[in-house]
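Q: Sharing a structure with you now.
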Amino acid sequence: MPVGTDPVGEEEFRQLINAADATLTDAPPSLFLAGVSGGADSLALCLLLDRWCSVAGHRFCALIVDHGLRPEAAAEAARVSRWLKARGIASEILHWSARKPAAGLQAAARAARFSLMTDRARERGAGGLFLAHHLEDQAETMIMRLGRDSGPDGLAGIRMRQLHAGVPVFRPLLGLPPERLRAHCLANAQAWIEDPSNRDRRFERVRVRQEAAGRQAAGLDASALHRVASVFARLRDWSDGTLAAFLRETGQLDPRGFACLDPDALAELSAPLRRKLLSGLLQSIGGGDYPPRSESLARLDDRVADGRFSRLTLAGCLVWKTDREGLWIARETPRGTRPRFLAAGAATRWDGRFDIAWLADRPAWVHMLTREGERRLRRLRHPGRPAAVLPACIRSSLPAVTDLDGRLIAPHFPESRTSVAQSVDGRLQIEFRPAVPWVADAFRVSRDDRAGAKV
């Protein structure tokens, strides 16, 4: 076997796992999942993870996504499942049944695949989801982001570990070339499937991949780009840590999904850090798939820096300032958000921000708190408890549930008799889980309501 194409050994993979997250080494027994497309990369990861989980006492299951994009996709997913079953590896096939977009198909498929797998990981209480991104994937991502004038965070490339809506996602193979993963499959007599879309030049990543030879001739091989990404990743980690400390010290982040910041402290941050903080909070609180556009963010930053505004909207959020509390960021009340049916024992993701589980034995509806709901809350207020102090715009953006008996359940409003324990014995679980990785953890610390703010 040629030098540099040897299979991945167990000890080497254990070190890669440790590099992705050192806490995994001594983690208690858990269930771990891996995305398996049927290609050599993901099958190599699957074989390695199955062995690692077996030695460490964990359970393992492969997730195979059938996108339904090609007529043979279902048969290929079934074939991969049979291959794994023959090796004693559990697997589950997930189906992307939503309508396929006419444009941006590959990006939509990636997003759908990721969402299906993280949703299943959350449903099964998995300790993490593993993905098989490798060295060439990192290099291609760098090239594409260079073409889009990405900032330092973008040039940090793919994260080896991230938190997505509460699910840890690991990519331990980022430093390995794909040749070694194919070699690992060959050494273990594991066949794989070649996806023809990987040769379709309509897709940007395919065009970038096919231009690799010219890039390497210029001294920009995958290893060089990975080293550059590593430098930017350290810068990203530093800025993440700096802003996390800033939020702990000066921010008021409520676990119900809104924030209040000290505008004077915010103005003292450097512009790049301040814009990164605002971008992360807007995406988390607004529940968006993407951060706000740089031009819009720059305008907001300029107004925050010199205090020239009282209220504006951006990225699905309402931003306003009061003299007493400071700068507020909250979800703008979503327009056209209709009540959603909750089957008995069902779970759902609401407005891109909340995970909701309804554990009762009868169905219900989840909805925003309407004006009628507000009137009912006032009638249900606990004697002796103070009136609600949350701004009206925040209250109207929070989820509530109405059961078939017409009973309102609004656990985000402890001043009323609608708390979970007093209404349905904890059968309703609502948790704010934004998809943005770094800022999500900051909302885990409970904060008291800020009194007196008006919008």
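The values are calculated or read from the model by the stated rules, or taken from the named source; none is laboratory data. This one's a predicted model, so the numbers in the text were calculated from it and none came from an experiment. So basically every Cβ, Gly included, is an ideal-geometry build from the backbone, and we count neighbours across all protein chains shown.
Q: For THR5, work out the one condition from (1) closer than 30 Å to ALA222 by Cα; (2) of a type in the set (S, T, N, Q); (3) assigned by TED's automatic domain parsing to the domain that holds LEU129 it doesn't fulfil.
A: (3)
Q: Then there is this: Can you pull out the residues in segment 107-125 that are surrounded by fewer than 22 Cβ atoms within 10 Å (Cβ to Cβ), touching a strand residue (DSSP E or B) at 6+ places or on another chain (Cβ under 6 Å) and aliphatic (A, V, I, L, M)?
A: Listed by number, the list holds a single entry, LEU116.
Q: Follow-up. So, in segment 140-173, of the ones that are aliphatic (A, V, I, L, M) and assigned to a loop (DSSP other than H, G, I, E, B), which residue ends up surrounded by the most Cβ atoms within 10 Å (Cβ to Cβ)?
A: LEU173
Q: Let me ask something else. Look at GLU11 and say whether it is in contact with a Leu (Cβ under 7 Å, 6 or more places away or on another chain) and charged (D, E, K, R).
A: When the stated conditions are applied, GLU11 does not pass them.
Q: Still on this structure, please answer the following. Are there strands (runs of 3 or more DSSP E) fully within segment 1-119 with at least 3 residues that are basic (Lys, Arg) and out of contact with any Pro (no Cβ under 8 Å at 6 or more places or on another chain)? List them.
A: Output list is empty.
Q: Please report, ordered by residue number, the strands (runs of 3 or more DSSP E) entirely within segment 353-455 with at least 3 residues that are modelled with pLDDT of 80 or more and in contact with a Lys or Arg (Cβ under 8 Å, 6 or more places away or on another chain).
A: Here the list reads 354-358, 364-368.
Q: Now for a different question. For segment 261-293, how many residues meet the condition of being closer than 26 Å to SER115 by Cβ and either surrounded by fewer than 13 Cβ atoms within 10 Å (Cβ to Cβ) or basic (Lys, Arg) (or both)?
A: Residues flagged as closer than 26 Å to SER115 by Cβ and either surrounded by fewer than 13 Cβ atoms within 10 Å (Cβ to Cβ) or basic (Lys, Arg) (or both) within segment 261-293 amount to 4.
Q: Identify all residues within segment 263-284 that are hydrophobic (A, V, I, L, M, F, W, C), at pLDDT 90 or above and either assigned to a helix (DSSP H, G or I) or within 28 Å of THR337 (Cα to Cα) (or both); write none if there are none.
A: ALA265, LEU266, ALA271, LEU273, LEU277, LEU278, LEU281, LEU282
Q: Considering segment 4-38 alone, what residues qualify as being of a type in the set (A, V, I, L, M) and under 25 Å from the mean Cα position of the chain (by Cα)?
A: Once the filter is applied, which keeps residues that are of a type in the set (A, V, I, L, M) and under 25 Å from the mean Cα position of the chain (by Cα), segment 4-38 yields LEU16, ILE17, ALA19, ALA20, ALA22, LEU24, ALA27, LEU31, LEU33, ALA34, VAL36.
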